[in-house]
Amino acid sequence: MATVEFLHIHKSYPDGTRALNDLNLKVAEGEMMVLVGPSGCGKSTSLRLLAGLEPVSGGELLIDGECVNERPPQHRDIAMVFQNYALYPHMTVRRNLAFPLQMLKMTKAEIAKRVEETAQLLGLAELLERRPRQLSGGQRQRVAMGRAMVRQPQVFLMDEPLSNLDAKLRTQIRAEIADLQKRLRITTIYVTHDQVEAMTLGDRIAVLNAGRLQQVGPPQELYEQPANAFVAAFLGNPGMNIFAARLSRNSGMLQLESDGWRIPIEQLLASKPGLEEYLEHPILVGLRPEAFSPEVTPAYPAIVVSIESLGHERLLYFRPAATTPSTAQKTLVARLSCTQAEAVGQNIRLGFKPEQLYFFTGEGEVIA
Amino acid sequence: MSRSAGVPLFYLSLLLLGLLFISPIGFMLAGSLKPDARVLVEAGDWRVFWPAGLSLDNYLDVFARVDFVRYLLNSLFINGMIVGVGLLVNSLAGYAFARLQWRGRELLFGLVLAVMIIPLEAIAVPLFYMVSLAGWRDTYLVQILPFIANAFSIYLFYTYFIGMPRELEEAARIDGAGPLRTFFTIIVPNAKPVFASVAILTFLTQWGAFLWPLMVTSSEAVRPLPLAIATFHSLPPLQWGDIFAFGVMMVAPILVVFLLFQRWFVRGVVATGIKG
């Protein structure tokens, strides 16, 4: 077990692309840190830099307090699980697991013992004499995990290890990975673009966008207190509705205007005094899909755009019904129970509690 | 035309094409088995493919006129070395171009590609001077060394390696394998098709080499088969039966090599995206 630290890490490529911009992140001993973000955000790059597969352009990488910038991959005491598993096709499962140990020049007896132990732990004992092409996707994934674990490294790196599996298997293996990590307590950095994986697996989540770290913290904290509109919209399935609005006063009372909705929010001023500064300024407002309900008052007029039924609930896509319909209106989504049946094009009313509103500046930073 | 009528026609045309390609070999085989006097007489009609008066006299004649075994062993040794050492050198070069990062890589690879269009005939004379200065004439070395590094082989290896998943090598690096070990334990075992096709292509081109051995060798002790067949033309009497018998024995090793590796060869041609 070890700590991992990214200190002012920069990475740019010869063509000028900046993959990472001043990344600062500390991963505690035994922690499962999930790096999440859209494709091209720099999450896989961070992992490859830490693995030593690519050199950093600036900053320091620390493993257990020691700078490893100049160390080749094999001397960083890390193991990596690749997205496509990268199992050696010509070797049996047994030889795949033994390969990293052979490189460490372990004795044959030791290697055999470790391979057996790892195979037992991962339920691979029956598959040891098979080759990767004779295995199912889930089994291959497990062998890849095994090859990483067998060395008992200080740090585990996982680069989207579940993305090649079907949805059902993904859920199952996700649980297995979480369980293994809890048992072994090996410091793990897990990269994914899937925010559900991030929420369920991570002790903490680091959200990246365009090479910059947006926010880091426990999943629930990020979900409930996003630092900016990007994090708010990225986490959650579907993510938070973000729409433009304007703060104004009506007979002295603070209200929010957006697409014909006038939402009284005077009572929020006590908890969010910062709002006053943005009076008559364009701001961004966020609402989680689950915040909407037809039963809550005051309710606001809306027009149903489309409906997705998920069995136990529905995702209702709608537009706020303004007095003057404009094409620029943004489609919002509400997560509702299945008790009512709306039709596309129908006029409905949806309410939410003002406390469930999130406020961001025009640039997307949260307003306290 | 309906689809079902087209299929037999298609196969018929393939069959005819196949016969066309195999007919010279049939001509040679039949010619090698009949008395010399009949070879040219029957050359104009169907009997050309018919070994009337079946006998092995021509074969015995070949062994009586030249030291066939000596030439065969020379050819096998020279080609074996060119193919064997060539596979090692060219695959390593292809790997270095495909995967390793080093200064001047693009420039040098461009030069290698450029070399592909220069035929041996164009550089034969300066090359001859070079090997003469080095004192290598009339040796095995002079017939082997210039043909080991081969631009086309390097290019074939390059295209194959560049298509292999990079993660395999990265996994090996993290597991602790250096570049050479990665190459020999991870890359080579997963690149058998390209090794087979390069081996066969090299063998096929070098087996019939004539001009260069003729220029740089003079003694029977080191000369390959194609030079021996020439002696049948230069030494009277000109006996076509003997030449055919020699030809059959010279082609046989190629057929054996091809039949042995044909599965790999076809796969390699498909995998490297080239035509043989």
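Of note:
- Shape call, the stretch A:128-192: gyration tensor on alpha carbons, a/c limit 1.5: oblate
- Heavy-atom accessible surface of A:HIS75, to the nearest 10 Å², is about 110 Å², with a 1.4 Å probe and all protein chains retained.
- Amide proton proximity set for A:ALA321, modelled H, under 5 Å, gap of 5+: A:ALA302, A:ILE303
- Chain B: angle of helix B:166-175 to the longest principal axis, Cα-based, in degrees nearest 10: 60 degrees
- Derived scalar couplings ³J(HN,Hα) [the stretch B:49-61; Karplus, 6.51 cos²θ - 1.76 cosθ + 1.60; whole Hz; x for Gly, Pro]: 9, 10, x, 5, x, 2, 7, 9, 4, 4, 5, 4, 4
- Accessible-area composition of the stretch B:1-55, carbon plus sulfur, in percent [1.4 Å probe]: 78 percent
- Area hidden from solvent between A and B (accessible, protein heavy atoms only, 1.4 Å, total, Å²): 1700 Å²
- Solvent-accessible area lost in complex, 20 Å² minimum, residues of the stretch B:161-176 relative to chain alone, 1.4 Å: B:GLU167, B:LEU168, B:GLU170, B:ALA171, B:ARG173, B:ILE174, B:ASP175, B:GLY176
- In chain A, helices alone account for a calculated mean residue ellipticity at 222 nm of -7000 deg cm²/dmol, with every DSSP H run of four or more residues adding -39,500 (n - 2.57).
- Radius 14 Å from Cβ of A:GLY65, net charge of other residues (Lys, Arg +1; Asp, Glu -1): -3
- Positive-end ranking of B:LEU120, B:LEU133, B:VAL188 along the dipole of the stretch B:56-272, with charges on Cβ about the Cα centre, is headed by B:VAL188.
- Accessible area (Å², per residue) of the stretch A:169-247, counting only protein heavy atoms and a probe of 1.4 Å: 38 Å²
- Using the empirical formula 2.2 N^0.38 Å as the baseline, the Cα radius of gyration of the protein assembly as shown reaches a ratio of 1.43.
- The charge dipole of the protein assembly as shown, taken about its Cα centre with unit charges on the Cβ atoms of Lys, Arg (+1), Asp and Glu (-1) only, comes to about 1260 debye.
- Taking every alpha-carbon pair in the stretch A:4-234 and binning the separations at 5 Å intervals from zero gives 1, 7, 14, 18, 19, 16, 12, 8, 4, 1, 0, 0 percent.
- Degrees separating the helix B:225-234 axis from the principal Cα axis of chain B, which is the longest one: 30 degrees
- Rounded to the nearest Hz, the phi-derived 3J(HN,Hα) couplings of the stretch A:313-321 under the Karplus curve 6.51 cos²θ - 1.76 cosθ + 1.60 (θ = phi - 60°) are 7, 10, 9, 10, 8, 8, 10, x, 7, where x marks glycine and proline.
- Computed from Cα positions, the angle between helix B:3-32 and the longest principal axis of chain B comes to roughly 70 degrees.
- Computed [θ] at 222 nm, helices only, for chain B once each DSSP H run of length n ≥ 4 contributes -39500 (n - 2.57): -23000 deg cm²/dmol
- Inter-chain Cβ neighbour average for residues A:80-86, partner chain, 10 Å: 5
- Distant-in-sequence amide contacts of A:ILE367, defined by a placed amide H-H separation under 5 Å and a gap of 5 or more residues or a different chain, comprise A:PHE359, A:PHE360, A:THR361.
- Volume in Å³ per residue [convex hull over Cα atoms, computed for the stretch B:216-269]: 122 Å³
- Shape call, chain B: gyration tensor on alpha carbons, a/c limit 1.5: oblate
- Accessible surface for the stretch A:253-317, divided over its residues, is 48 Å² per residue with a 1.4 Å probe.
- Accessible surface of chain A [probe 1.4 Å, protein heavy atoms]: carbon and sulfur percent: 51 percent
- Averaged over its residues, chain B has an accessible area of 55 Å² per residue, based on protein heavy atoms and a 1.4 Å probe.
- Evaluated over the protein assembly as shown, the count of Lys pairs having alpha-carbon atoms less than 21 Å apart is 8 (only pairs 8 or more residues apart or interchain).
- Shape of the stretch B:54-124, Cα gyration tensor, a/c cut at 1.5: prolate
- Going by accessible surface with a 1.4 Å probe and the largest first, B:THR217, A:THR297 read A:THR297, B:THR217.
- In sequence order, calculated HN-Hα J values of the stretch B:96-106 (Karplus, 6.51, -1.76, 1.60; Hz; x Gly/Pro): 4, 6, 7, 10, 7, 9, 8, 5, x, 4, 4
The values are calculated or read from the model by the stated rules, or taken from the named source; none is laboratory data. What you see is a predicted model, and the numbers here were worked out from it, not measured in a lab. Cβ atoms come from the backbone with ideal geometry, glycine included; neighbour counts cover every protein chain shown. SASA here: full protein model, heavy atoms, side chains in, ligands and nucleic acids out. Shrake-Rupley method; radii C 1.70, N 1.55, O 1.52, S 1.80 Å.
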